[in-house]
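Q: To start, I am sharing the structure in question, which I have written as structure tokens.
The values are calculated or read from the model by the stated rules, or taken from the named source; none is laboratory data. As the structure is a prediction and not an experimental result, all values here were calculated from the model. Heads up, the Cβs are rebuilt from the backbone with ideal geometry, glycines too, and the neighbour counts pull from every protein chain shown.
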Amino acid sequence: MGVRTGAQYLHDVNQSPRELWIDGRRITGAVAEDAAFRRLAGSIAGLYDLQHQPGLQEEMTYQSPSSGDRVGLSFLTPRTKDDLARRRRMMQHWANFSGGIMGRTPDYLNSDLMALASASGFFDQNDPRFGENVRRYYEYVRENDLCLTHTLINPQSNRAVGPSQQSDPYIAARILEKTSAGVVVRGARMLATLPLADEILVFPSTVIRATDEDKPYAYAFSLPCATPGLRFICRESFDYGRPEFDHPLASRFEEMDAMVVFDDVLVPWDRVFLLENGELCNRLYSDTDATVHMTHQVVVKNIAKAEFVLGVASTIVDMIGIEQFQHVQEKIAEMIIAVETQKAFILASEANAHENPYGVMTPDWTPLNIARNTFPKIYPRLVEIIQQLGASGLMAIPTERDLSEPTLRRDIDRFYQARNTDAATRIRLFRLAWDLALSSFAGRQVLYERFFFGDPVRMAGALYFSYDKQPMKNRVAEFLERTPIPSPE
């Protein structure tokens with residue numbers, strides 16, 4: 001089949017109904033046409049259409065090694081540093097489509113799956129069938145250009161104890177039984193962003209203890225989102241059905257987050273990748289380099305997001321004439337530094353890339369690790385700068401309906417004009433700034449970036465223990481040896 005068009009994606013999603021709940025109602029009929037998801041579905045379709053845009057085919061696709069069809073470049077197994085750069089350029093097109101606002105575009109998990117399939121020998125340690133399952137699944141997703149979501153986290157019920165010590169051992173999804181057809185799963189997981197995906201990856205996240213009572217919580221598998229017994233419970237939507245003029249980001253890019261309930265769901269054996277092996281589950285991301293390739297994609301997204309926020313801030317500065325103030329110059333300079341630092345991280349990771357044990361050209365982890373540790377702190381500050389620059393202007397923004405009212409339009413045209421543009425153009429910019437920095441949608445974006453890779457404190461701790469500090473300590477010791485200690489008089 002090869003790369004899909006947007007129309008094909010919409011058709012496929014509508015033909016695979018899933019149990020999707022939002023605001024107390026179950027979506028019935030064509031999910032991509034439901035008011036709660038129609039505009040999100042259109043944005044995902046827009047991503048797929050980019051693969052067919054004249055002039056972009058070579059930058060976004062490559063020839064499948066198995067079918068010869070054109071497939072998405074995010075599936076490419078990089079063998080050279082040039083391959084890494086090709087993948088990055090493809091990802092930039094998708095990231096720029098939403099200004100980096102969509103954090104779960106398909107290339108994120110495509111990168112994950114590529115790394116896992118390349119390291120299929122890792123899964124063979126658990127069961128030779130599982131390595132073959134991973135390889136076949138990667139090819140299946142690649143050749144059909146599927147969109148994936150994933151879920152990693154156990155429900156936030158009682159963090160003081162592990163999943164097996166909860167009041168109900170089936171709060172966290174666990175293996176109920178093993179049958180000749182597959183494994184049966186009961187319980188729940190969070191947080192599945194983008195429930196309009198074709199399939200879901202259910203992978204380990206937090207550390208799993210190597211005890212018999214924790215074995216049922218150790219697994220990795222995949223399922224179609226339309227699997228019987230699989231239920232998605234969505235949070236409140238931040239797309240309020242308002243015109244795109246009023247909510248330009250939420251109306252287009254509300255990805256949605258959901259709790260995933262497994263109501264005795266059967267996972268066929270050919271969809272199982274790991275089972276009842278806590279040690280392998282804990283080593284999954286590090287031993288396969290999946291985290292490295294996923295982070296490579298995320299930093300591309302973060303660059304696009306930081307650039308977009310910088311663009312909004314710079315346009316505000318120019319439009320209302322505040323560039324002469326030094327504190328404004330300092331704030332924009334701070335944003336520029338944030339953008340260019342993220343760019344430097346990704347280029348350094350590619351420049352220092354190496355071939356891993358599975359023959360995959362892998363970006364250098366250290367700069368990517370630093371990038372993912374800094375962006376959760378950078379992004380809230382970028383949003384704060386938008387708030388500081390827009391100030392009271394962000395509190396007085398007419399709606400599209402106001403602009404359409406003749407009685408109001410004369411006042412609006414007079415009192416909302418800017419230094420170098422008319423009122424309607426200024427209002428459109430400030431509504432974008434509102435949706436970026438102050439709306440409910442904006443608040444979710446900040447929370448999302450704070451915890452994109454998990455608890456930032458634990459991430460910092462992991463960085464502390466993994467970073468090789470010994471060469472610097474040796475240098476200090478050598479210097480101290482050259483500095484004589486005064487003799488006692």
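Q: Go through segment 102-135 and give me each residue that's within 24 Å of the chain's Cα centre (by Cα) and more than 30 Å from Phe441 (Cα to Cα).
A: Of everything in segment 102-135, those that are within 24 Å of the chain's Cα centre (by Cα) and more than 30 Å from Phe441 (Cα to Cα) turn out to be Met114, Ala115, Leu116, Ala117, Ser118, Ala119, Ser120, Val134, Arg135.
Q: Working carefully through the options Val317, Val328, Val383, Val339, find the one that is on the phi < 0 side of the Ramachandran plot, without any contact (Cβ under 8 Å) to a residue 40 or more places away in the chain and either part of a helix (DSSP H, G or I) or not assigned by TED's automatic domain parsing to the domain that holds Phe75 (or both). Before the answer, list the steps.
A: Values: Val317 fails: without any contact (Cβ under 8 Å) to a residue 40 or more places away in the chain; Val328 fails: without any contact (Cβ under 8 Å) to a residue 40 or more places away in the chain; Val383 fails: without any contact (Cβ under 8 Å) to a residue 40 or more places away in the chain.
From the options Val317, Val328, Val383, Val339, the qualifying one is Val339.
Q: With (1) closer than 30 Å to Asp83 by Cα; (2) of a type in the set (Ser, Thr, Tyr); (3) in a helix (DSSP H, G or I) as the list, and Tyr358 as the residue in question, which single condition is left unmet?
A: (3)
Q: Scan segment 112-138 residue by residue and report those that are among the acidic types (Asp, Glu) and closer than 24 Å to Val298 by Cβ. Steps first, please.
A: Kept after step one, since they are among the acidic types (Asp, Glu), are these residues of segment 112-138: 112, 124, 127, 132.
The one that is among the acidic types (Asp, Glu) and closer than 24 Å to Val298 by Cβ: Asp112.
Q: Can I ask one more? Quick one: would you say Arg186 is part of a helix (DSSP H, G or I) and touching a residue at least 40 places away in the same chain (Cβ under 8 Å)?
A: In short, no.
Q: Given the residues Glu177, Glu244, Glu199, Glu254, which is the only one that is in the same structural domain as Thr149 (by TED's automatic domain parsing), of a type in the set (D, E, K, R), crowded, with 23+ Cβ neighbours inside 10 Å and modelled with pLDDT of 95 or more?
A: Working: Glu177 fails: crowded, with 23+ Cβ neighbours inside 10 Å; Glu244 fails: crowded, with 23+ Cβ neighbours inside 10 Å; Glu199 fails: crowded, with 23+ Cβ neighbours inside 10 Å.
Being in the same structural domain as Thr149 (by TED's automatic domain parsing), of a type in the set (D, E, K, R), crowded, with 23+ Cβ neighbours inside 10 Å and modelled with pLDDT of 95 or more holds for just one of Glu177, Glu244, Glu199, Glu254, which is Glu254.
Q: In segment 175-208, what residues are more than 30 Å from Phe37 (Cβ to Cβ) and touching a helix residue (DSSP H, G or I) at 6+ places or on another chain (Cβ under 6 Å)?
A: Ile175, Val207, Ile208
Q: Okay, moving on. For segment 346-380, which positions are out of contact with any strand residue (DSSP E or B) (no Cβ under 8 Å at 6 or more places or on another chain), touching a residue at least 12 places away in the same chain (Cβ under 8 Å) and among the aliphatic types (A, V, I, L, M)?
A: Ile346, Ala348, Ala351, Val360, Leu368, Ile370, Ala371, Ile378
Q: Oh, and also: Output the residue which, of all residues in segment 133-170 that are assigned to a loop (DSSP other than H, G, I, E, B) and touching a Leu at 6+ places or on another chain (Cβ under 9 Å), is surrounded by the most Cβ atoms within 10 Å (Cβ to Cβ).
A: Cys147
Q: In addition: For segment 1-109, give me every one of the strands (runs of 3 or more DSSP E) that falls completely inside it and has 3 or more residues that are buried (at least 17 other Cβ atoms within 10 Å of the Cβ).
A: Of the strands (runs of 3 or more DSSP E) lying wholly inside segment 1-109, those with at least 3 residues that are buried (at least 17 other Cβ atoms within 10 Å of the Cβ) span 19-22, 70-72.
Q: Which residue is modelled with the lowest pLDDT, if the candidates are limited to segment 202-241 and must be in a loop (DSSP other than H, G, I, E, B) and of a type in the set (Lys, Arg)?
A: Arg209
Q: If you don't mind, there's one more thing I want to ask. So Pro268 clears everything in (1) assigned by TED's automatic domain parsing to the domain that holds Ala437; (2) surrounded by fewer than 20 Cβ atoms within 10 Å (Cβ to Cβ) except one condition, right? Which one?
A: Single failed check for Pro268: (1).
Q: How many residues does segment 387-440 hold that are among the acidic types (Asp, Glu) and in contact (Cβ under 8 Å) with a residue 40 or more places away in the chain?
A: The number of residues fulfilling the criteria is 2.
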